[in-house]
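Inspection log for the structure reproduced underneath, given as structure tokens.
The values are calculated or read from the model by the stated rules, or taken from the named source; none is laboratory data. Remember, predicted model here, so these are calculated numbers, not experimental data. Backbone-built Cβ (ideal geometry, glycine too); neighbour counts: all protein chains shown.
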Amino acid sequence: MATAAGPRRRSRWVIVAAGVTAAVTGLATPALAAPGVSPATVDRDADPGTSIPVAKVVSTPPIPPKPDVVLLVDTTGSMGGAIANVRTNLQQVITDVRTAQPGAHFAVASYRDTGDGAELFRVRQDLTDDATALQDAVDGLAAGGGGDTPEAWVNALVEVSEGAIGYRTGSSRIVVLVGDAPSHDPSNGRTAAQAAAALQADEARLLAVNVSGGGGGLDATGQASALVAATGGQLVGSSPDTVTAAILAGLRDLDVTVTPTVTGCDPGLSVGFDAPSRTQQSGTDVPFAETVTVAADAAQGAVLHCTVQFLLNGLSGGPAFTQRIAVRINDVTPPVVVVDDRTVEATSPAAAVIDYPASATDNVDGPLTPTCAPPPGATFPLGATTVTCTATDAAGNTGSDTAVMRVVDTTAPATGCVPTNNPGGDNTPGSDNPDGFYQLTSTDIVDTAVEVFIGDAADPTVRFGPFPAGTKIKLVQAPGAQSRVKDGTGDIDYKVTLRGDAVITGVDDAGNTSTAVCLVAPPPK
């Protein structure tokens, strides 16, 4: 507006006093930690199928990341004091914003009213990081013109958002509207609804700085409130000599939405949060409950990784807002031990040596050497013996297997009927052994004492014995006689009378049998 008007209504926003300038030099009360995510790294061990809770805190910066700040200043006649304040303190604003965000860029634009010709809207300086160029642009601002109370800032907002300002890709866009009067709606043919849509399309937020004076304020008709609500911005009050303090306070008061975003996870690992996002005032600590989940089939012994970015208003806050997760998956699976049942033939009175194979394989450590009891190569007795083999991997998991080693005796003894000398003389019997003297023999690989039986070939029901191997007998064949055994005399243990040939049977402890026949020459006629 050109001059101050009558009494203005009481504002609903906070008026920033002159003394605020010093207080906001540091922009905001600092967060509990430097901007970034804490803890920035998670390094844990975990079993498959378990989860790791992590208390996460995102300390947000007082200014959103990569800010593109457009100073859109009313230069009508009533704004001389406010313009002077901006001119005097611009460098402090630039310095304070860049202290929080070194990559900040600024632009300077101005507006008046529809009757002010070329001054209706002007871009004084497009976005730049050149502080001198920005100062020159602000120094060129001069109050003048205007007519009725409303101005044309709705038109200016549309101009800013429809190409007059070249925003950087991926920037936080903030339009700082500085004025002391409402806007015509429409102004220069543009409506407040169009301005809201244009700001939203640019993803720009409106910081409306209401300068006290005679114009009733930016929000006299509720226009500024509606636009800051539509863009997630702020409405702050100011006297003409505290405009820069109000700008800094408003920048600080902008909300920031923190969104955890998982940018990559190895198979078997996932990350979740108790909320998809949270919105708080910039410069505060935003808490999240993070849960790192290990799949039940995660590769044991592996180190799995996840990366999470905490976006600020959808933008990267830089490396400090990137979290890296490393989880070592515990080996909880025991080795697989294999030992098989075996059956072997006895080879001695002690039974048999069994050199059985046994193996062990671990899912992480690979082949292992199992320990077995009794060990391979041990001598096993007759019958069944249980073998237990175990193996322990590097993680301390122990696996085992059992087998039954059986030693059997299926080999018959070697049985014989050996002609021997006549104890009454020194002659060696001939092949037909007419004297009938024999020694009964039976040996076995397992049994040291084999029982020997004497049968009659002419009568299968006859079975005399048992006799110990080595027994000496006198065999007499008498076809018409009764088969019988009598004690012998001298070197002869028994006198055996049979109707037919003698059938000698050896029986070992396992019941294996073998036979031999003693051919007895009949007595002379």
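Flag: N433 matches the condition of being part of a loop (DSSP other than H, G, I, E, B), modelled with pLDDT under 95 and under 16 Å from A516 (Cβ atoms). Of everything listed in (1) more than 30 Å from P48 (Cβ to Cβ); (2) surrounded by fewer than 18 Cβ atoms within 10 Å (Cβ to Cβ); (3) small (G, A, S), the single unmet condition for A352 is (2). Quick check: is even one residue across the range 73-94 in contact (Cβ under 8 Å) with a residue 60 or more places away in the chain, surrounded by fewer than 21 Cβ atoms within 10 Å (Cβ to Cβ) and not in a helix (DSSP H, G or I)? Looking through the range 73-94, none of the residues is in contact (Cβ under 8 Å) with a residue 60 or more places away in the chain, surrounded by fewer than 21 Cβ atoms within 10 Å (Cβ to Cβ) and not in a helix (DSSP H, G or I). Per the conditions (1) over 18 Å from V69 (Cβ atoms); (2) surrounded by 23 or more Cβ atoms within 10 Å (Cβ to Cβ); (3) of a type in the set (G, A, S), the sole criterion not satisfied by A229 is (2). Among the residues of the range 499-508, is any among the polar types (S, T, N, Q), within 26 Å of V407 (Cβ to Cβ) and at pLDDT 95 or above? Yes - at least one qualifying residue is present in the range 499-508. Under the condition of being more than 30 Å from D297 (Cβ to Cβ) and either in a strand (DSSP E or B) or not acidic (D, E) (or both), the residues counted in the range 333-368 number 15. Residues in the range 132-186 that are buried (at least 24 other Cβ atoms within 10 Å of the Cβ), of a type in the set (S, T, Y) and more than 18 Å from Q200 (Cα to Cα): S183 only. Would you confirm whether or not the range 161-173 contains a residue that is polar (S, T, N, Q), in the same structural domain as G237 (by TED's automatic domain parsing) and closer than 15 Å to T75 by Cβ? No: the range 161-173 contains no residue that is polar (S, T, N, Q), in the same structural domain as G237 (by TED's automatic domain parsing) and closer than 15 Å to T75 by Cβ. Scan the range 222-242 residue by residue and report those that are out of contact with any Leu (no Cβ under 6 Å at 6 or more places or on another chain) and closer than 21 Å to S172 by Cβ. Hits for the range 222-242 are A229, A230, G232, L235, V236. Taken over the range 156-181, the criterion of being farther than 27 Å from P102 by Cβ and at pLDDT 95 or above is satisfied by A156, L157, V158, E159. Just a yes or no: is a residue in the range 388-402 part of a strand (DSSP E or B), loosely packed, with under 14 Cβ neighbours inside 10 Å and of a type in the set (G, A, S)? No, that holds for no residue.
Given the criteria under 39 Å from the mean Cα position of the chain (by Cα) and outside any loop (DSSP other than H, G, I, E, B), does C417 qualify? Reasoning before the result, please.
Values: under 39 Å from the mean Cα position of the chain (by Cα): no; outside any loop (DSSP other than H, G, I, E, B): yes.
No; evaluated as a whole, the condition is false for this residue.
For the range 237-251, the set of residues classified as crowded, with 24+ Cβ neighbours inside 10 Å and not small (G, A, S) consists of T242, V243, T244, I247, L248, L251, listed by residue number.
Note on the range 287-321: residues that are farther than 22 Å from P35 by Cβ and either among the acidic types (D, E) or outside any strand (DSSP E or B) (or both) amount to 8.
Residues of the range 369-387 being within 30 Å of R328 (Cα to Cα) and either crowded, with 19+ Cβ neighbours inside 10 Å or at pLDDT below 95 (or both), which ones? Steps first, answer last, please.
Of the residues in the range 369-387, the ones within 30 Å of R328 (Cα to Cα) are 369-371.
P370, the sole residue that qualifies.
Restricting the range 187-197 to residues that are buried (at least 20 other Cβ atoms within 10 Å of the Cβ) and of a type outside the set (S, T, Y), the residue that is farthest from the chain's Cα centre (by Cα) is R190.
Just give me the residues in the range 375-397 being in contact (Cβ under 8 Å) with a residue 24 or more places away in the chain, more than 18 Å from V336 (Cβ to Cβ) and out of contact with any strand residue (DSSP E or B) (no Cβ under 6 Å at 6 or more places or on another chain), in sequence order.
Taking the range 375-397 and keeping what is in contact (Cβ under 8 Å) with a residue 24 or more places away in the chain, we get 377-383, 387, 389-395, 397.
Now restrict to residues that are more than 18 Å from V336 (Cβ to Cβ): 377-383.
Correct list: G377, A378, G383.
Restricted to the range 255-283, and to residues there that are touching a strand residue (DSSP E or B) at 6+ places or on another chain (Cβ under 6 Å) and assigned to a loop (DSSP other than H, G, I, E, B), the residue that is surrounded by the most Cβ atoms within 10 Å (Cβ to Cβ) is S282.
Here the range 438-482 is the region considered, the condition is being among the charged types (D, E, K, R) and farther than 28 Å from L382 by Cβ, and the residue that is surrounded by the fewest Cβ atoms within 10 Å (Cβ to Cβ) is D459.
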